1. At a threshold of 8 angstrom on Cα-Cα distance, excluding pairs fewer than six apart, so keeping six or more, what relative contact order does the chain reach in percent?
2. Name the long-range amide H neighbours of Leu243: under 5 Å, sequence gap of 5 or more, or other chain; modelled H, no Pro or chain starts.
3. Rounded to the nearest 10 Å², what accessible area does Glu185 have for a 1.4 Å probe in the complete protein model?
4. Per residue of the range 392-408, what does 6.51 cos²θ - 1.76 cosθ + 1.60 with θ = phi - 60° give for ³J(HN,Hα)? Whole Hz please, x for Gly and Pro, Karplus curve as stated.
5. Using 0.36 nm times the number of residues separating Thr544 and Arg198, minus their current alpha carbon distance, what extension gain do you get?
6. Just to check I understand the Karplus step: with θ = phi - 60° and J = 6.51 cos²θ - 1.76 cosθ + 1.60, what whole-Hz values come out for the range 447-452, glycine and proline as x?
7. Could you pull out every residue, at least 5 positions away or on a different chain, whose amide H is within less than 5 Å of the one on Thr68? Hs are placed 1.01 Å off N in the peptide plane, and Pro or chain starts have none.
8. At a Förster radius of 51 Å, what calculated FRET efficiency corresponds to the Cβ-Cβ distance of Ser90 and Ala225, to the nearest 0.05?
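The values are calculated or read from the model by the stated rules, or taken from the named source; none is laboratory data. Just so we're clear, the structure is a prediction, and the values are computed from it rather than from any experiment. Positions of Cβ are generated from backbone atoms using ideal geometry, with glycine treated the same way; all protein chains shown enter the neighbour counts. In case anyone asks, the SASA skips ligands and DNA or RNA and just uses the protein heavy atoms, side chains included. Shrake-Rupley method; radii C 1.70, N 1.55, O 1.52, S 1.80 Å.
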Amino acid sequence: MSRTSRTALLAALGLITATGATATVFGATAGAATPGCKVDYSITNQWNTGFGANVVVTNTGDPTTAWTLEWSYAGNQQVTQGWNATITQSGAAVTAKSLSYNGTLATGGSTSFGFNGSYSGTNAVPATFKLNGVTCNTTTQPTDPPTTPPTTPPTTPPTTPPTTPPPGQKADNPYAGAKVYVNPEWSAKAAAEPGGSRISNQPTGVWLDRTAAIAGVNGGMGLRAHLDEALVQKGSGELVVQLVIYNLPGRDCAALASNGELGPTEIDKYKSQYIDPIAAILADPKYASLRIVTTVEIDSLPNLVTNVAGRPTETANCNVMKENGNYIKGVGYALNKLGSIANVYNYVDAGHHGWLGWDSNFGPSAELFKQAATAEGSTVSNVHGFIVNTANYSALKEENFKISDSVNGTSVRTSKWVDWNQYADELSYAQAMRDKLVSLGFDSKLGMLIDTSRNGWGGTARPTGPGALTSVDTYVNGGRYDRRIHLGNWCNQSGAGLGERPQAAPAAGIDAYVWMKPPGESDGASKEIPNNEGKGFDRMCDPTYTGNARNGNSMSGSLPDAPISGQWFSAQFQELMKNAHPAL
């Protein structure tokens, strides 16, 4: 599904820092001979018996390879659950230690962690912090946090209050405190596979990839049928339904496997025959109690940055779509129509790090996202968040190397795999893209989704540590979890595995890990197969293909004997289960 573009950038390395909290501590000045810190401690949510907190640690002293942050509470606060750090408590004293992937902090470098806690009486911010034994200065009190308790105290790390919103208001994070809809059609296919019952109860996206899908194709469930089933699954609690809005005119302009039914100029059909009927169904008061997440037009807007005139991966079809503006118009129209419905949460596609992670792609893409979000009468308020890595394979976290690493004085960014990209994995890319979008005027509570359905890369080929230090290439290739031949390969990848299971609020700025692409559904046919869905044959799905500029003229890495995109592909499903990480 997703593409990549390569740009060799000879700029100096930069370091993304976390910012923005309510209680700040300053230690030694940057460049000091001893450790120093800036600590942003914020209470993100509070109710009468508990609270959630986020802590951003910025190193203002010499570089460190591991860190320990210590503080003591004045009251009876108790940490009950933490993430992104090992947190222990003895009496009032709390110690948070770095993990393997976030211990190294350059001067000016930042990392963050969070936790849930309990308390009674007062919940004062700690007076002092110590970073690696050095005391930081006194904090200032934060502004008053929210005080409305959630209906159930959170069991996953919240980035925003998980309370049920008042009528007419959207939840800050629709996934917090909610179940997620299990598509019974996908579930039945998964359960019918040997070993498939281990994951057949997982929630996946419902793809509305053509107009006929609204009513149901070949006797299958249509949109109303899915929403009716969602009401049954909901019971008395909260439930999220995940829909993929995917039918733009001239869809998938840089490839052929997922071409759509509408021609490049059929924007009016897209509006009146596709978006309007979907909006009418979603606005039915019968479904007002559901939290409906719409992921809007996968693999569309990024093409207008990377695959147009002036880029080495230029395609004529993408030039057409940029010139006629129908991707921008279509996305803006969808956001405006769907975002006006009180219980609909729009998440716009933002590609993935191996597509937009270069400086020449990252900023221009964010600006284009804002242009689309404000087209056709829409505003940025219609965008609840963005989704990355949809239907792709980029690793969630590369723990054996970092972009800031060097080998014998040579940056890993010069390696063939990284190729001067600014990001090594999806989590760092998603968090950085979120910060960029907020800086452009999107809501400060913007949430990100990461599709982890096929980026686990487990199995026997999964590295257990860094590669050899003989060169940057041996170091990166020996340690990287993503085992694709090239970062630009996207179709039915051999060796891929299921990734992290769907979960709410797993990291700062991330609303959820999701399986938006249902595992087992093909990316495209490995040979030409006639069909009435407008889907063509893309050589990137052919295992014998020797590649093109988009994948460095590498082999495609695709599995053989694949059906057309969206159809069940048993061999791929078995491959994903075999190589799952975490393992099944």
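1. In percent, rounded to a whole number, it is 13.
2. Under 5 Å from the amide H of Leu243 lie the amide H atoms of Val206, Val293, Thr294, Thr295, each far enough along the sequence or on another chain.
3. Surface open to solvent at Glu185 totals about 70 Å².
4. 10, 10, 5, 4, 5, 9, 8, 9, 9, 7, 10, 4, 7, 6, 9, 10, 6
5. Extra length available between Thr544 and Arg198 comes to 121.3 nm.
6. Karplus values, whole Hz, x for Gly and Pro: x, 10, 10, 10, 7, 10.
7. Asn132
8. 0.40
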